Amino acid sequence: MKYWQILASFVLAMVLFLFPPSAWAASSSSVTRSFGNEELSGKDYAGQSLIRTEFSNVNLENANFSGADLRGVVFNGTLLKGVNLHGVDFSQGIAYLVNFRGANFSDAVLTDAMMLRSLFDDVDVTGADFTNAVLDIPQVKKLCLKASGVNSKTGVDTRESLGCK
């Protein structure tokens, strides 16, 4: 009996080694650059292409990302208070456990973004496009109180993209 357990374990190990699950196969090789545990507050990223960059546990308070290409960017446990995200493309981006207090999302494209467990207190979402974005329901309700305008790039109404009633 013990022989079969050892053989089964060996076969399973070989299968996992030769055919890793897709989450492992698509590891960090697709991430352009990773910032972690750094102090980047007030940094100017305006107009830059930061596609698939990862920011984890970083202080980006009052940073300027206006007009930047943030497609597929990951913000994980990041402080983005007072950040300028005017006109950014954050399509398919991820913001998890992020504090956006006082951020400027005006005219931003946030389509298909996943922004869970993040705070949106006192933010400007005028003209932002949240089409198919995933946010916590209490945060959507908070954003709907101030949502207005139409996105200049996509032509989508902000309130409609948030599903406001």
Cβ-Cβ below 7 Å, separation at least six or inter-chain, first residue in the stretch 50-64 and assigned to a strand (DSSP E or B) and at pLDDT below 95, second open to solvent by less than 10 Å² (accessible area, probe 1.4 Å) and not polar (S, T, N, Q): which pairs? 55/75
Got a number for residues in the stretch 63-76 being small (Gly, Ala, Ser) and in contact with a strand residue (DSSP E or B) (Cβ under 6 Å, 6 or more places away or on another chain)? 1
Yes or no: the stretch 123-133 includes at least one residue that is of a type in the set (D, E, K, R) and within 15 Å of residue 66 (Cβ to Cβ). yes
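Residues 87, 72, 102: which one is assigned to a loop (DSSP other than H, G, I, E, B) and over 16 Å from the mean Cα position of the chain (by Cα)?
Values: 87 fails: over 16 Å from the mean Cα position of the chain (by Cα); 72 fails: over 16 Å from the mean Cα position of the chain (by Cα).
The unique qualifying residue is 102.
Please indicate, with yes or no, whether at least one residue in the stretch 105-118 is part of a loop (DSSP other than H, G, I, E, B), acidic (Asp, Glu) and either in contact (Cβ under 8 Å) with a residue 24 or more places away in the chain or crowded, with 17+ Cβ neighbours inside 10 Å (or both). Steps first, please.
The initial filter retains those residues of the stretch 105-118 that are part of a loop (DSSP other than H, G, I, E, B), namely 105-108, 110-113, 116-118.
Narrowing further to those that are acidic (Asp, Glu): 107, 112.
So of that shortlist, the ones also either in contact (Cβ under 8 Å) with a residue 24 or more places away in the chain or crowded, with 17+ Cβ neighbours inside 10 Å (or both) come out as 107.
Yes, the stretch 105-118 contains a residue that is part of a loop (DSSP other than H, G, I, E, B), acidic (Asp, Glu) and either in contact (Cβ under 8 Å) with a residue 24 or more places away in the chain or crowded, with 17+ Cβ neighbours inside 10 Å (or both).
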Looking only at the stretch 82-103, filter to residues that are out of contact with any Phe, Trp or Tyr (no Cβ under 6 Å at 6 or more places or on another chain) and either under 16 Å from residue 142 (Cβ atoms) or among the aliphatic types (A, V, I, L, M) (or both); which one of those is surrounded by the most Cβ atoms within 10 Å (Cβ to Cβ)? 83
Tally the residues that are on the phi < 0 side of the Ramachandran plot and open to solvent by 40 Å² or more (accessible area, probe 1.4 Å), restricting the search to the stretch 61-73. 3
Residue check: is residue 162 buried (at least 21 other Cβ atoms within 10 Å of the Cβ), closer than 18 Å to residue 43 by Cα and more than 13 Å from the chain's Cα centre (by Cα)? no
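Scan the stretch 147-165 residue by residue and report those that are modelled with pLDDT of 95 or more, on the phi < 0 side of the Ramachandran plot and assigned to a loop (DSSP other than H, G, I, E, B). Give the steps one after another, and end with the answer.
Residues of the stretch 147-165 that are modelled with pLDDT of 95 or more, as a first pass: 147-164.
If we keep only those that are on the phi < 0 side of the Ramachandran plot as well, we get 147-148, 150-154, 156-162, 164.
Of everything in the stretch 147-165, those that are modelled with pLDDT of 95 or more, on the phi < 0 side of the Ramachandran plot and assigned to a loop (DSSP other than H, G, I, E, B) turn out to be 147, 148, 151, 152, 153, 154, 156, 164.
The values are calculated or read from the model by the stated rules, or taken from the named source; none is laboratory data. Because the structure is a prediction, the values reported are computed rather than measured. Positions of Cβ are generated from backbone atoms using ideal geometry, with glycine treated the same way; all protein chains shown enter the neighbour counts. Heavy atoms of the whole protein, side chains included, go into the accessibility calculation; ligands, DNA and RNA do not. Shrake-Rupley method; radii C 1.70, N 1.55, O 1.52, S 1.80 Å.
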